[in-house]
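What follows is a single structure, written as structure tokens, with notes after it.
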Amino acid sequence: MAQTEKKGGLLRKSSASKKPLKEKVVLMYDEIFTTEDPSKCNPRFWEELFLMKVNLEYLEGKLEVLDGEELMKIKDNINCLFQHCIQALGEEHPIRVVNALQTLCALIRGVHQKNKSTSGFDIINMLVGFDKAELCMKNLMESLDSLLCAEGSESLKSLCLKLLLCLVTVTDNISQNTILEYVMINSIFEAILQILSSPLSRREHGYDAVVLLALLVNYRKYESVNPYIVKLSIVDDEATLNGMGLVIAQALSEYNRQYKDKEEEHQTGFFSALTNMVGSMFIADADEKISVQTNEAILLALYEAVHLNRNFITVLAQSHPEMGLMTTPTSPIPMTPVTPLGTTPPSSDVISSAELPLDADVQTSNLLITFLKYSSIVMQDTKDEHRLHSGKLCLIILTCIAEDQYANAFLHDDNMNFRVNLHRMPMRHRKKAADKNLPCRPLVCAVLDLMVEFIVTHMMKEFPMDLYVRCIQIVHKLLCYQKKCRVRLHYTWRELWSALINLLKFLMSNETVLLAKHNIFTLALMVVNLFNMFITYGDTFLPTPSSYDELYYEIIRMHQNFDNLYSMVLRLSTNAGQWKEPASKVTHALVNIRAIINHFNPKIESYAAVNHISQLSEDQVLEVVRSNYDTLTLKLQDGLDQYERYSEQHKEAAFFKELVRSISINVRKNLAFNTLSQELLLKEFSTIS
């Protein structure tokens, strides 16, 4: 008997047959795409349709080839199909429910593709009809809510979430997706929370649930009251918040693991790995940057949780028993995901043992540590647009954390010490730090390390001014907390002071190039005021009196940089140009630094002359400093420990609008046919009569 092949909904014999035969489901689709009511000739048409395995490709392809006018002619049948899909969701037979969910996905995507240029109201009319829209969408959302909350099949829940993600992301700008008004009115918020609070559901669907929630929160968030924002801001259930934290930590941890794997591969045999790749035609430069696709969707979810919900702050510091405590499977795990990491959930068994191997000596980890590691990777290379957006979002999240009183309490807690292995950019003038030599310190030290690392490694022609400003603001906010609560943090402050002075030196060296694009005086003023903060209040938060002496030593040692900065800002503030005002602010801010330099330098020169020493040691300079504090006069500067609190709506709305657009496109792209393939589903339900 001749073999039968199947392609695009057509069945044909491999022998010379006259015409290809169509699958029954394809013939039924063809009937829907006529102007006649398909149930006229066959009263059981709709009942039979949902027993047939869906041919997504054919159905979407059929919608694609129709123009707007042709689609309008069959609008009644499209409406009918949509309504029967919703009815089928209430059926007891799971096969019908599966097929109805998939058909809805194809319909929503297909109709939206045809109506890209028209308003959302046309889409609603085309899918369901204005007169029935409210009731139909209410029924749809209630059915999805019931399926998500039921004890039943996890595969059905997965499909429900895929459908909802499909519904949310059909337009690039989700705020223009008017169908979402019905998702706002008929909330599925509680169903999402239920998924996150249950260990089994969270493991299976947590990633999709968290991404869906992050997107829904961003629907018209500045224009109207979004119920998902209101509800997320008041969640206080510990299991739910911890569940959300776990999903985010696992996704970020998977990214960190993939990066570490690539880094090791790069170091241990870059070329040998390449030569084994079948079909490689070109060999890349061995020094190229290690790249793993960033995950803005999960980062957005973390931001919304931290920004909107004060209770979520406690989750950042909680250790994760689900990570690193399960035994690693003996069978090899496929490390390469089918679709990009940025949009697909990481494999749960890969995650379970992913976190701890990164820090072999650390017994526990938490969401904040995982996030700091992630940040240290994505902030290394800001030339790529996605990484720039990711880096900016990381700094915005850290800004929210640095402003929070409770977050600061655990960041600075001496009883919560961790060894945090941040990734450091390879640089010619420094050795790679040995991971095992890292000390256990309060978490704020890792945040400061991350800021210092960024300051040191991004002084380049394409200067990321915005990221530098955020970086300095984070350091300032942490210092404000330390000053207010008199926290004496044992940190290597010299590294920070040195980084800040080198930043000022860079701004001066590249004055002409940078001033063409940026107001460098804003950043210079912030850096100078950080020093003023140390000078004015350092005795209340620096760990020891000798730390305060070292601050003066660094200022005196690097006095040439401050002198040059003063000369530059004085020159520009005495001219009538556009930089007069911002430059004069820096001139005034330098008053105490200049007083220190002008007071101690003559004393040091005099000491050297009296003792016949050509070059003083550090200890000798410190001795001069300590013995001459009494005669130093400084001016009291107001407002050094004040800052403007973060505000999303007024300053960041454009950034988040663009970010959410990018995430929406990415999520939609990865809800491809393969992710909706239901071979496993059909096997699961094949035994059900």
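The values are calculated or read from the model by the stated rules, or taken from the named source; none is laboratory data. Computed from a predicted structure; not experimentally measured. A quick note on method: Cβ atoms are made from the backbone with ideal geometry, for glycine too, and the neighbour counts reach across all protein chains shown. Side chains included, ligands, DNA and RNA excluded: accessible areas come from the protein's heavy atoms. Shrake-Rupley method; radii C 1.70, N 1.55, O 1.52, S 1.80 Å.
Key figures for this structure:
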| read-out | value |
| --- | --- |
| Solvent exposure, largest accessible area first (probe 1.4 Å, DNA, RNA and ligands not counted), of 650, 559 | 650, 559 |
| For region 211-252 and region 51-88, distance of Cα centres in Å | 33 |
| Dipole axis of region 491-647 (+1 Lys, Arg; -1 Asp, Glu on Cβ), positive-most option in 555, 504, 606 | 504 |
| Entries in 53/73; 383/580; 62/221; 157/262; 73/162; 138/221 that, when Cα-Cα distance is taken, lie over 24 Å | 53/73; 383/580; 62/221; 157/262; 73/162 |
| Dipole axis of region 491-647 (+1 Lys, Arg; -1 Asp, Glu on Cβ), positive-most option in 647, 576, 621 | 576 |
| Qualifying aspartates and glutamates (Cα of each under 19 Å from Cα of residue 669; at least 8 residues distant if same chain) | 57, 60, 64, 172, 208, 296, 385, 658 |
| Extended-chain gain in nm, criterion 0.36 nm per residue less alpha-carbon gap, residue 262 and residue 560 | 103.0 nm |
| Stretch gain in nm, segment residue 130-residue 631, where the contour uses 0.36 nm per residue and the Cα spacing is subtracted | 172.1 nm |
| Whether region 491-647 is rounded, prolate or oblate, judged on the alpha carbon gyration tensor where a/c under 1.5 counts as rounded | prolate |
| Qualifying GluC sites (Glu not before Pro) for region 66-153 [loop in DSSP, other Cβ within 10 Å: at most 10] | 92, 151 |
| Percent accessible area from carbon and sulfur atoms, region 491-647, protein chains only, probe 1.4 Å | 49 |
| Contact order relative to length of region 491-647, as percent, for alpha carbon pairs under 8 angstrom and 6 or more apart | 26 |
| Filtered GluC sites (Glu not before Pro), region 576-663: DSSP coil and at most 14 other beta carbons within 10 Å | 644 |
| Computed magnitude of the charge dipole of region 491-647 (debye, nearest 20; Cβ of K, R +1, Cβ of D, E -1) | 580 |
| Extension reserve of the residue 409-residue 620 stretch, reckoned as 0.36 nm per residue once the Cα distance is removed | 72.1 nm |
| Region 582-671 - charge dipole about Cα centre, Lys and Arg +1 at Cβ, Asp and Glu -1, debye rounded to 20 | 700 |
| Dipole in debye (nearest 20) - region 21-156, about Cα centre, beta carbon charges: Lys, Arg +1; Asp, Glu -1 | 180 |
